[in-house]
1. Can you name the residue in the stretch B:268-289 that is modelled with pLDDT under 95 and in contact with a Cys (Cβ under 6 Å, 6 or more places away or on another chain) and is also surrounded by the most Cβ atoms within 10 Å (Cβ to Cβ) among such residues?
2. Which residue out of B:Ala239, B:Ala311, B:Ala316, B:Ala292 is at pLDDT 95 or above and assigned to a loop (DSSP other than H, G, I, E, B)?
3. Contact list please: Cβ distance under 8 Å, first residue in the stretch A:248-274 and closer than 20 Å to A:Arg116 by Cβ, second residue among the β-branched types (Val, Ile, Thr) and assigned to a helix (DSSP H, G or I), pairs at least six apart or on different chains.
4. Residue under question is B:Gly219, and the condition is that it be at pLDDT 80 or above and at positive phi; does it hold?
5. In the stretch A:1-45, how many residues are closer than 23 Å to A:Pro272 by Cβ, within 14 Å of chain B (Cβ to nearest Cβ) and either exposed (fewer than 13 other Cβ atoms within 10 Å of the Cβ) or in contact with a Gly (Cβ under 8 Å, 6 or more places away or on another chain) (or both)?
6. Given the structure, is A:Lys141 at pLDDT below 80 and out of contact with any Ser or Thr (no Cβ under 7 Å at 6 or more places or on another chain)?
7. Would you check if A:Ser62 is polar (S, T, N, Q), crowded, with 16+ Cβ neighbours inside 10 Å and modelled with pLDDT of 95 or more?
8. Given the criteria of a type in the set (Ser, Thr, Tyr) and within 19 Å of B:Cys310 (Cα to Cα), does B:Ser74 qualify?
Protein chains: 2
Amino acid sequence: MEVVVTRNIPSAALNVLNKRFKVDLWQSDDIIPRETLISKIKAKDGLLCLLTDKIDKEVLDSAGDRLQAVSTISVGVDHINRSECTMRGIKIGYTPEVLTAATAEFAVGLLLSTSRRIVEGTHAAKRSNSVCFFILCQKYKVTNDVTACVLVLLVDDKTTDRVGTILILRIANFSHSYFFKKDKAFEENLWVHFASFPDLLRESDFIISCCSFNQSTDGVFDKEAFKQMKNSAIFVNIARGGVVNQDDLYDALSRNVIRGAGLDVTTPEPLPTDHPLFTLDNCVVTPHIGSASEKTRTEMTMLAVENLICALENRAMPAQY
Amino acid sequence: MEVVVTRNIPSAALNVLNKRFKVDLWQSDDIIPRETLISKIKAKDGLLCLLTDKIDKEVLDSAGDRLQAVSTISVGVDHINRSECTMRGIKIGYTPEVLTAATAEFAVGLLLSTSRRIVEGTHAAKRSNSVCFFILCQKYKVTNDVTACVLVLLVDDKTTDRVGTILILRIANFSHSYFFKKDKAFEENLWVHFASFPDLLRESDFIISCCSFNQSTDGVFDKEAFKQMKNSAIFVNIARGGVVNQDDLYDALSRNVIRGAGLDVTTPEPLPTDHPLFTLDNCVVTPHIGSASEKTRTEMTMLAVENLICALENRAMPAQY
């Protein structure tokens, strides 16, 4: 059988695939061009892809009848047309759980990098011989430290529950944590309280978006949402770029409607280097590296490989979506 | 009575001083030049200073007999010649506790910014349209995530105990934490275990220096110490620049003896912009902003002002060193 792999993957994972299948590899650290993917996938049995590869009807049409499985090295599956896959009997594999701890850890790091202005601090230190230990902090205003409260936005999704739960554990000792979920199935505890979305926007100092991207969260962080937040609020997005209206975010950041934003996810990815968000001192943009530790990315890839093998050999996938 | 203030301080604090004393203010956000300080302090009764001001014998000589108190807006007092002050009957005030939470929080942020390569990530995102979601992480190696253990170096000092204790609380949910202290007075608990300094250097993935700077810690992180650390180790310094031999650190970072360093403190401060450490991708330098939240810096300044007033009015200082 033949499979397409859309990016350089760790050699251990590639070796496993090579032993069983004929592998058509896009041998690059960069995103596979769409035309190349459409061409390569013709008459293949399986696809190992990333969240940067849009697997829509056109790609599936090009693949044809032989395609049995799409295995993505990600926990999000919003880049895959699930209903088209279902209609064609194509199985979808994904990589939950193995990235939960790394992503929650990264969220805390991105939050603190943004709120404590660590990235700006490194620039200030490199640029000026007199920047040291501000007293007035006028140029270097940091409104909130550990007295702040935290919002974790969750929706009805088993995956974001996991990241959100670990995130709360990580951050619980820093501050009061609040927790938003559409239903109340998740039990309240010492740090977790339920509140409506508008209440949380109004009351929170830090807002971390870690929800799934779907119809109900599409553009949910828009002009109206930023207006409800405190002027001192820090907004962090580790979910998907689509939950944010980026024009509204740029406007809110440049007019100090909110104080800062840390974005590990954007629309599109990668964000063009001339994007206006890159011009703002109070916006920290990282290139979707929430799960990018060597250990975690290797575990994700090995799980995706195992998913693909099981699907093509008609065995139960360890993580079928 | 007359006092010198060596930097712009929040107006609330300045107002309190102005009501009681004639204030000679260095009205700047930059460090007061040494000659200016030596000139201004002549025949003054009190001094409100920062850790960037070296209060040595020459400065005290220039002040003369009238000087009764040196009040520093910092928890460290290594910039003040304590024995000279004691001989002259000059009281020293400092600002413990009020900065503990902010500094511990910052330490976690600096650790994650360095270990998860958040600063490098922002540069990569700005510079290249193809940098996104590395799989191999070859250019972007992050060895350790949450499975790592942590070292917190403490010595026999009540101040560093406080920061260290809060730091451990903050970081406990991330990983196994270890704790080094010269004596065993601090009680062991679930996350805190005692170990020798060499054992900790060898076994730790993350090493956070939050000790006092004194004779026993002067240059303790040197070539020999870095050699004992893992090649994957991340070293973070929130203590004082003097605990590190910076030439040895540069050598260790550039030859990959250790993987990365996050430094909020350096020798000197500010670090000259042409310093070799600034040329390294795996070194994150911030301009001593561990306590630089508006709330915390204001509380520190108000405490230092209260210390100075009490000393000059012969009442007990709220925080005498």
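1. Selected residue: B:His288.
2. Going through B:Ala239, B:Ala311, B:Ala316, B:Ala292 in turn, the sole match is B:Ala316.
3. Here the result reads A:Gly260/A:Thr114; A:Ala261/A:Thr114; A:Gly262/A:Thr114, each pair linking the stretch A:248-274 to a residue that is among the β-branched types (Val, Ile, Thr) and assigned to a helix (DSSP H, G or I).
4. yes
5. Of the residues in the stretch A:1-45, 1 are closer than 23 Å to A:Pro272 by Cβ, within 14 Å of chain B (Cβ to nearest Cβ) and either exposed (fewer than 13 other Cβ atoms within 10 Å of the Cβ) or in contact with a Gly (Cβ under 8 Å, 6 or more places away or on another chain) (or both).
6. Yes, satisfied.
7. When the stated conditions are applied, A:Ser62 passes them.
8. yes
The values are calculated or read from the model by the stated rules, or taken from the named source; none is laboratory data. Just so we're clear, the structure is a prediction, and the values are computed from it rather than from any experiment. Methodologically, a virtual Cβ is constructed for each residue, glycine included, from the backbone with ideal geometry; neighbour enumeration extends over all protein chains shown.
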